[in-house]
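To start, the structure itself, in structure tokens.
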């Protein structure tokens with residue numbers, strides 16, 4: 001390829017990239033101008049029980065995140081589930097509460113949310129060589145893919161709004177944050193100086209939870225967090241937003257690191 005043709009190709013690609021950014025910026029500005037309807041506002045408040053206690057600036061930030069989430073993500077009802085606007089708004093509100101400490105719109109890599117009428121069974125995954133199944137399918141309440149897809153069971157979404165420390169939307173979207181770098185390893189994208197401290201404290205807390213379970217103690221965290229490091233991050237993220245005082249009492253260093261990562265104080269309900 002001649003240098004001139006290469007130069008033209010680069011110029012066209014650059015122009016398309018700039019144009020896409022301009023279009024996206026205009027679309028976001030238009031989405032943010034829209035006010036949530038009174039009905040949509042009620043759904044947001046029902047999904048995020050802390051909403052009524054938030055300062056006005058954080059209420060507005062959450063509302064803005066929700067509007068952009070609804071505009072940019074695709075929702076799909078599965079297995080006969082009749083998807084309605086209420087489902088989308090409540091899922092968006094719960095997911096965006098994870099990022100209330102951040103000014104920028106969350107979940108850039110998330111593209112599709114699939115909603116089932118109940119717990120769903122994942123398909124069996126065959127081995128590539130002999131075709132024997134790795135497993136015959138698991139029953140799940142939610143699932144997150146590094147491809148930007150989140151799958152949720154609606155009854156379990158609703159159960160998470162009750163504030164009992166387990167919230168499938170918070171859990172699966174915490175996985176999305178973890179998977180943003182392409183790995184599901186319990187370590188989301190951090191400032192470079194924080195990785196060593198994060199790895200040390202989270203590993204220590206993860207092993208402590210496993211030890212509690214092995215000793216048949218009654219940990220404050222969901223035992224599912226002892227499955228692996230990725231599940232531990234998702235479970236402590238649930239607790240951070242849903243039962244923050246308990247998490248700070250029992251895993252104070254993890255709580256502090258999550259405060260720094262989420263840029264939010266869930267006890268005093270303020271951005272950091």
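The values are calculated or read from the model by the stated rules, or taken from the named source; none is laboratory data. Because the structure is predicted, anything quoted here is derived from the model rather than measured. Cβ atoms come from the backbone with ideal geometry, glycine included; neighbour counts cover every protein chain shown.
So the values come out like this:
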read-out	value
Filtered residue count, the range 98-115, keeping only those that are within 20 Å of residue 145 (Cα to Cα) and touching a helix residue (DSSP H, G or I) at 6+ places or on another chain (Cβ under 7 Å)	9
Test for residue 125: is it modelled with pLDDT of 95 or more, farther than 23 Å from residue 84 by Cβ and surrounded by fewer than 16 Cβ atoms within 10 Å (Cβ to Cβ)	no
Residue pairs meeting the criteria (Cβ under 6 Å; at least 6 apart or on separate chains; first exposed (fewer than 12 other Cβ atoms within 10 Å of the Cβ), in the range 190-207; second assigned to a helix (DSSP H, G or I) and modelled with pLDDT under 95)	none
Those residues of the range 63-87 which are part of a helix (DSSP H, G or I) and touching a helix residue (DSSP H, G or I) at 6+ places or on another chain (Cβ under 6 Å), in sequence order	64, 65, 66, 67, 68, 69, 70, 71, 86
Residue count for the range 208-224, restricted to those that are touching a helix residue (DSSP H, G or I) at 6+ places or on another chain (Cβ under 7 Å) and either farther than 26 Å from residue 155 by Cβ or surrounded by 17 or more Cβ atoms within 10 Å (Cβ to Cβ) (or both)	6
Residues of the range 175-189 that turn out to be out of contact with any helix residue (DSSP H, G or I) (no Cβ under 9 Å at 6 or more places or on another chain) and either in a helix (DSSP H, G or I) or surrounded by 12 or more Cβ atoms within 10 Å (Cβ to Cβ) (or both), as a count	2
Residue list for the range 232-266, restricted to those being under 27 Å from residue 213 (Cα atoms) and assigned to a loop (DSSP other than H, G, I, E, B)	243, 251, 266
Count of residues meeting criterion [at pLDDT below 95, within 19 Å of residue 171 (Cα to Cα) and more than 19 Å from the chain's Cα centre (by Cα)] in the range 188-208	0
Inter-residue pairs, beta-carbon under 8 Å, first surrounded by fewer than 17 Cβ atoms within 10 Å (Cβ to Cβ) and in the range 49-60, second part of a helix (DSSP H, G or I), 6+ apart	52/45
Check on residue 69, surrounded by 14 or more Cβ atoms within 10 Å (Cβ to Cβ) and touching a strand residue (DSSP E or B) at 6+ places or on another chain (Cβ under 7 Å)	no
